[in-house]
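J.: Before anything else, here's the structure in question.
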Amino acid sequence: MTNSSNLIDSLEVYTLSNPNEVKPHWVSHFIVPTANELLIKIKTKDGNSGFGMATSYTDIKPLIKPFKNGLQDLIIGEDPFCPEKIYNKIFKLTDTRISSEKGWSREALIRISAALDIACWDLIGKAANIPLYKLFGGYRNKIPVYVTCAYYRDGKGDSELRDELKKLISIGHKSFKVKVGGLSIQEDCKRLEIIRDEIGNQKDLMIDVNRAWDLRTAIEGVKEFKKFNPTWIEEPVRWEDDRRNLKLLSKQTNIPLSGGESEITIYGCRSMIEEDAIQILQFDCTMFGGFTNGKKLSALCEINHIDIAPHHDCYIHAPLVASSPSGRIVESFDDERDPLQSELFENLHKMSNGWIYLNENPGLGFNISETALKKFGKLVYKK
């Protein structure tokens, strides 16, 4: 029999946005918000607590609606020590009549199930007094980290690009992922020449196309970009036939290809692996699946000799990447691109000289800063 004191008794839901949004950051064909996330905090009667987050690149309002008309009633009273059960309960609402009747979008339920799952695992780790990287496997306690940079911005010239890279190098970054696909291949080559000139030939350079190219352009692009010695090329082809086109593209180049952040289920990622479409999988536990499915994908990648390099939220993903031999690296941003990374959390893992050193604090290993929550957060539900 389940101890009622271990059941979820308190639920808080916040949206997170940047009140000081300045000049937009562009990738190949859309603006990336600097903060657009859902934060879920849960607590049991006996005081165990955890939090999780969901990332969205579209309007956050559909993620709020379910908490206005009944979804909270399906969460309160559940056992957070059974994350697989809770995750499937919320995720499988995507196939039910009730979600249609209440206007709960598929994307909203996918994002919410991910955030809630992460919160459950954080609570489990804290209750057990074990850091999640050990609870998940404990393969190592430090992991490489890269910084994503060189976004397109209106009026951004070569000197601003050089200054950006100099700053990132000065604070210790060793690996860099840069944006292409918003200009012609020739124009992007000029930007890549500047980037290589600034970071040198010894530092890792990853190139992110953000699904801008058709297959013919992708074949041309990987040939032109080979001279920059990229560690990988990310999401090089458009979404409509990406798995097949990735497989075809991989036959044209020996540069590793990566993808997965734009999938919305574990099954889409499985297909990418089965079809030999990629060499590096970049799922995002805050966009779908949470840690429950992130652990499954990590294991699947390990036995298929594929690395994982999760998209976004380096501190959230750090325990998962550190837990498994398939874990390769995590993604970070500078403070202007993602102020949440630098301000939202307290007692963080240490980031230094291209590495994240995981601490021994239980659960995720860090807490929410209430000061930052007041700055970035808006409470949309509390029980």
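The values are calculated or read from the model by the stated rules, or taken from the named source; none is laboratory data. Treat the numbers as computed from the prediction; the structure is a model and nothing was measured. Note: ideal-geometry Cβ built from the backbone for every residue, glycine included; neighbour counts use all protein chains shown.
J.: Could you identify the single residue in D59, D46 that is surrounded by fewer than 17 Cβ atoms within 10 Å (Cβ to Cβ), more than 30 Å from T217 (Cα to Cα) and within 18 Å of the chain's Cα centre (by Cα)?
T.: Matching residue, one of D59, D46: D59.
J.: Still on this structure, please answer the following. For the range 138-180, what are the residues that are more than 19 Å from N229 (Cβ to Cβ) and among the small types (G, A, S)?
T.: Across the range 138-180, the qualifying residues are G138, G155, G157, S159, S170, G172.
J.: Taking only the range 131-168 into account, find how many residues are more than 23 Å from the chain's Cα centre (by Cα) and not charged (D, E, K, R). Break it down stepwise before answering.
T.: Taking the range 131-168 first, the residues more than 23 Å from the chain's Cα centre (by Cα) are 154-163, 166-167.
Remaining after also requiring not charged (D, E, K, R): 155, 157, 159, 161.
Here the count works out to 4.
J.: Shifting gears a bit: Evaluate the following for K134: is it under 23 Å from N347 (Cα atoms) and among the basic types (K, R)?
T.: yes
J.: Looking only at the range 6-37, count every residue that is touching a Gly at 6+ places or on another chain (Cβ under 9 Å) and either in the same structural domain as S184 (by TED's automatic domain parsing) or more than 30 Å from T217 (Cα to Cα) (or both) and tell me the total.
T.: Residues flagged as touching a Gly at 6+ places or on another chain (Cβ under 9 Å) and either in the same structural domain as S184 (by TED's automatic domain parsing) or more than 30 Å from T217 (Cα to Cα) (or both) within the range 6-37 amount to 7.
J.: Oh, and also: What tally of residues in the range 219-243 results from selecting those that are under 24 Å from the mean Cα position of the chain (by Cα) and at negative phi? Show your work before the answer.
T.: Going residue by residue through the range 219-243, those that are under 24 Å from the mean Cα position of the chain (by Cα) are 230-243.
Subsequent filtering for residues that are at negative phi retains 230-234, 236-243.
Selection size over the range 219-243: 13.
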